[in-house]
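One structure is given below, encoded as structure tokens.
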Amino acid sequence: MRRLVVWNVMTLDGYFEGKSPWDLGFLETIWGDELEAFSLEQGREIGTLLFGRRTYEGMASHWATATGAVADMMNSVEKAVATRTLDKATWNNTRLLKGDAVEAVRGLKAEDGKDIYVFGSADLLASLLSARLVDGYRVCVSPVVLGGGNPLFKPQDQQVKMRLESARPLKTGGVILTYAVGG
């Protein structure tokens, strides 16, 4: 069974997005050579990149025309989008997962291949975490307090324990934290 690993950047006060959709200006505080190298290293582990619809649309609009090593990785990797509304996917190497997202992802995990990674997609992640389908989190904490925005972790009906596997400080002041779910 493939593992499902989450990758996100989060502010010190818990937001992965500012007060409006795609308000990601705080990412500039942690981006640099180290995070780019980490992104490429992590990219070699990805079998499928999973998104919710809104994140898919934003990522596709950015990466489909971007250039560079990270863009090449993002454009070439297999992608899946959990959606009830999209009828087609226009970003190359993308398939639609229609119907119940939890069941679709359960099926995706049962396929052969390398790990599944989720970027962004906090609403989708809330349901996957609740269904105990998330195996690990990698969070880069940005040294910024936004004071409001879209929280990475949505309210859960149950406590979710995690075990710290590593902490990797960056020269920019960010820290990449790697957790196994189920501590």
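The values are calculated or read from the model by the stated rules, or taken from the named source; none is laboratory data. Everything numeric here is computed off the predicted structure, so don't read it as measured data. Heads up, the Cβs are rebuilt from the backbone with ideal geometry, glycines too, and the neighbour counts pull from every protein chain shown. When the accessible area is computed, the model is the full protein with side chains, heavy atoms only, and any ligands, DNA or RNA have been set aside. Shrake-Rupley method; radii C 1.70, N 1.55, O 1.52, S 1.80 Å.
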So, of the residues in region 116-169 that are under 16 Å from A101 (Cβ atoms) and among the basic types (K, R), which turns out to be nearest to the chain's Cα centre (by Cα)? K154
List every residue pair whose Cβ atoms lie under 6 Å apart, where the two residues are 6 or more positions apart in sequence or sit on different chains, the first residue falls within region 12-26 and is more than 10 Å from G149 (Cα to Cα), and the second residue, located anywhere, is modelled with pLDDT of 95 or more and open to solvent by 50 Å² or more (accessible area, probe 1.4 Å). L12/V145
Would you check which residues across region 89-115 are farther than 22 Å from N75 by Cα and not acidic (D, E) and list them? G99, A101, V102, A104, R106, G107, A110
Please enumerate the residues belonging to region 56-66 that are in a loop (DSSP other than H, G, I, E, B) and open to solvent by less than 50 Å² (accessible area, probe 1.4 Å). A66
When residues of region 144-183 are filtered for being open to solvent by 50 Å² or more (accessible area, probe 1.4 Å) and under 14 Å from L35 (Cα atoms), how many remain? 5
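Condition check ((1) at pLDDT 95 or above; (2) within 25 Å of L128 (Cα to Cα)) across all residues:
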residue: I30; (1), (2): yes, no
residue: E34; (1), (2): yes, no
residue: L50; (1), (2): yes, yes
residue: V77; (1), (2): yes, yes
residue: V81; (1), (2): yes, yes
residue: T85; (1), (2): no, yes
residue: T94; (1), (2): yes, yes
